[in-house]
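A quick write-up on the structure given underneath.
The values are calculated or read from the model by the stated rules, or taken from the named source; none is laboratory data. Source: prediction; values computed, not measured. Here the Cβ is made from the backbone with ideal geometry for all residues, glycine too, and neighbour counts use every protein chain on show.
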């Protein structure tokens, strides 16, 4: 529920960057064919002094009414790029960081130039940063959508359509826009097991692949969902099956030391399948070494769905 527009809440939000109550959490994105982490999505959170941890839907309307949206968006870009620079010092291949942006941010006259400058100063390689935006952004931006997105692509930024759901409308749109990735709305993962749901996913995947796009399934929570999505051609996934959003230090630990999850295309050894999973119920999540998770310390508990 969005916060009411109160002076106390707005004052607290204005202090959130300086008092570090505003922060980013990071959720893994996994290659379904190998089980390895190939990217993470940064999720904005605000630790409200009284209401606890809030997501963007709870406070961005307040930020907009108080004139704080631009400042928060700029902080997200800078914080995200700084974290991606830290990832670049870790061993292994480059893992992409996805940042969410709104149509209002993309429409800002200096947005592309500002991001180009930040990327140049950071020294990040092309493709290390991706921006994801709602499918409605194309309509919101109107004729400016093509030039803006093309400018971002030229700057080395990957682009994704997030929460892709209106496939009968949007498939034609994405063919005309310079995007790299389609992120399927999580309701498609919930639709596994129905002929209509799987037919729609297969159609989206076929059309996306025909246009050279990668397909990411969002909100994957069970091994059964991951298996069917893989069989239908989805390339990547994120969701509770692979881990919730984590603090920056834990996310770096996953990138540096994690060996990935068991690929759904490879049978899981009986030794790592819990007894209650035999016969079809959802298995316990494997940790990054393939072992069953044991009791976790309070600091390691998942903090966000």
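I need the full set of residues from region 231-277 which are more than 20 Å from the chain's Cα centre (by Cα), modelled with pLDDT of 55 or more and in a helix (DSSP H, G or I), in order please. Residues satisfying the conditions are 231, 257.
Taking only region 182-221 into account, find how many residues are assigned to a loop (DSSP other than H, G, I, E, B) and buried (at least 17 other Cβ atoms within 10 Å of the Cβ). Count: 8. Of the residues making up region 62-86, those that are touching a strand residue (DSSP E or B) at 6+ places or on another chain (Cβ under 7 Å) and more than 14 Å from residue 44 (Cβ to Cβ) are 81, 84. Here residue 145 meets each of (1) in a helix (DSSP H, G or I); (2) under 26 Å from residue 94 (Cβ atoms); (3) in contact (Cβ under 8 Å) with a residue 24 or more places away in the chain with one exception, condition (2). Is region 149-162 home to any residue that is assigned to a loop (DSSP other than H, G, I, E, B) and more than 20 Å from the chain's Cα centre (by Cα)? For region 149-162, residues assigned to a loop (DSSP other than H, G, I, E, B) and more than 20 Å from the chain's Cα centre (by Cα): present.
Residues checked against (1) in contact (Cβ under 8 Å) with a residue 40 or more places away in the chain; (2) under 15 Å from residue 129 (Cα atoms); (3) surrounded by 18 or more Cβ atoms within 10 Å (Cβ to Cβ); (4) in contact with a helix residue (DSSP H, G or I) (Cβ under 7 Å, 6 or more places away or on another chain):
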| position | (1), (2), (3), (4) |
| --- | --- |
| 25 | yes, no, yes, no |
| 41 | yes, yes, yes, no |
| 54 | yes, no, yes, no |
| 71 | yes, no, no, no |
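For (1) under 24 Å from residue 256 (Cβ atoms); (2) surrounded by 15 or more Cβ atoms within 10 Å (Cβ to Cβ), each residue gets a yes or a no:
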| site | (1), (2) |
| --- | --- |
| 49 | no, no |
| 68 | no, yes |
| 83 | yes, yes |
| 99 | yes, yes |
